Amino acid sequence: MRGLPQRLINTPDIEIWPAGLLKAHGNHDARAIARARHVLRRKRDGRYLAADLPEGLLPLVWQLRQEPGLNAALEAMASDVMHRRAGLEHVRTLPLERLHERLDLLGLMEDAYATRTGLSLVAEPDWLAFAGFDRYRRPLWLHNDAARAWAHMRDGAMRDGVLLEAISGYRSHDYQLGIFERKRARGLSVDEILNVNAAPGFSEHHSGLALDIGTPGEPPAEESFEHTGAFAWLRAHANEYGFHMSYPRENPYGIVYEPWHWAWRGHGATVA
Ligand SMILES: [Zn+2]
């Protein structure tokens, strides 16, 4: 596996990380992770579940065998190895059942929300490409097509003397559900939260095709980004790389103006 581009293998309950991109949480984890190829990580809380070592799987939690979704994760890890040896790059999406269940539990009426906003549920891809690091030195994960286009676009901007920085790329359903669940636990109503946060499952970031972009010296995700040279450059050139601004002023979804949020929709031709 050495030398191949790094991937995040995604399953409904568990993510499989390249071990080299993870920080250890303790001495025991550190020794295991240093020798591991992959680390299995619970999506719901980020807990490290097991290290994939050359000699086999090392549990990092008690009762690993009872972990929901473990078999699916092990199968995905094995088939990823086979696919990559065969040079397959196809991206599939994961099923939405679990998301429906959790939105029900939260009391979020997804059909009503979809009708009101014109947004639809966004499935997660079954793997994501490593697209470098974001502003905060966290690994940036994107859909393979978006990762390539982002690299080209960043280079193109650089040639024009413009520095584009990734603020945030792929985000899982679990991540967005976690924000929602914590706010519910603090006593906020569903409607109060929806005024500020997109409903879990409806964010373009779940697809790995969307990216929040910044430039050094500017605060992240602020409307003031529209006054930067980086934004002017994006307005002029992002389309050439297949990126589009999803939420311009007065967009039909009722989402606030987000000059920093761009999604890759492709259109063939320009991304070589
Ligand atoms: Zn965004």
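Residue selection: residue 159 satisfies the criterion of being away from the ligand (no atom under 16 Å from the Cβ) and either modelled with pLDDT of 90 or more or surrounded by 14 or more Cβ atoms within 10 Å (Cβ to Cβ) (or both). Which members of the stretch 252-263 meet the condition of being of a type outside the set (D, E, K, R) and within 14 Å of the ligand (Cβ to nearest atom)? 253, 255, 256, 257, 259, 260, 261, 262, 263 - these are the residues of the stretch 252-263 that are of a type outside the set (D, E, K, R) and within 14 Å of the ligand (Cβ to nearest atom). Among the residues in the stretch 66-77, are any in contact with a helix residue (DSSP H, G or I) (Cβ under 6 Å, 6 or more places away or on another chain) and within 22 Å of residue 200 (Cα to Cα)? For the stretch 66-77, residues in contact with a helix residue (DSSP H, G or I) (Cβ under 6 Å, 6 or more places away or on another chain) and within 22 Å of residue 200 (Cα to Cα): absent. Being in contact with a Lys or Arg (Cβ under 9 Å, 6 or more places away or on another chain), surrounded by 15 or more Cβ atoms within 10 Å (Cβ to Cβ) and modelled with pLDDT under 95 holds for only one residue in 179, 193, 167, and it is 193. Taken as a whole, the stretch 84-93 holds at least one residue that is surrounded by 12 or more Cβ atoms within 10 Å (Cβ to Cβ), part of a helix (DSSP H, G or I) and more than 16 Å from the chain's Cα centre (by Cα). The residues of the stretch 216-251 that are within 13 Å of the ligand (Cβ to nearest atom) and among the hydrophobic types (A, V, I, L, M, F, W, C), listed by number, are 221, 225, 243, 245. Checked against the criterion of being in a helix (DSSP H, G or I), under 26 Å from residue 73 (Cβ atoms) and either touching a strand residue (DSSP E or B) at 6+ places or on another chain (Cβ under 8 Å) or not assigned by TED's automatic domain parsing to the domain that holds residue 16 (or both), the candidates 157, 123, 146, 129 yield just one match: 146. Taking the numbered list (1) part of a helix (DSSP H, G or I); (2) under 29 Å from residue 198 (Cβ atoms); (3) within 20 Å of the chain's Cα centre (by Cα) in turn, residue 20 passes all entries but (2). Looking across the stretch 203-215 at every residue that is at pLDDT 95 or above and assigned to a loop (DSSP other than H, G, I, E, B), the one that is farthest from the ligand (Cβ to nearest atom) is identified as 215. Just the residues that are on the phi > 0 side of the Ramachandran plot and surrounded by 11 or more Cβ atoms within 10 Å (Cβ to Cβ), please, taken from the stretch 94-117. Across the stretch 94-117, there are no qualifying residues.
For every residue, the table says whether it meets (1) in a helix (DSSP H, G or I); (2) touching a residue at least 12 places away in the same chain (Cβ under 8 Å).
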site	(1), (2)
170	no, yes
177	yes, yes
184	yes, yes
188	no, no
193	yes, yes
224	yes, no
236	yes, no
255	no, yes
259	no, yes
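Counting only residues that are polar (S, T, N, Q), within 24 Å of the chain's Cα centre (by Cα) and modelled with pLDDT of 95 or more, how many does the stretch 35-83 have? Number of matching residues: 1.
The values are calculated or read from the model by the stated rules, or taken from the named source; none is laboratory data. Worth saying up front: this structure is predicted, and the values here are computed from it rather than measured. When we count neighbours, we look across all protein chains shown, and the Cβ atoms used for this are built from the backbone with ideal geometry, even at glycine.
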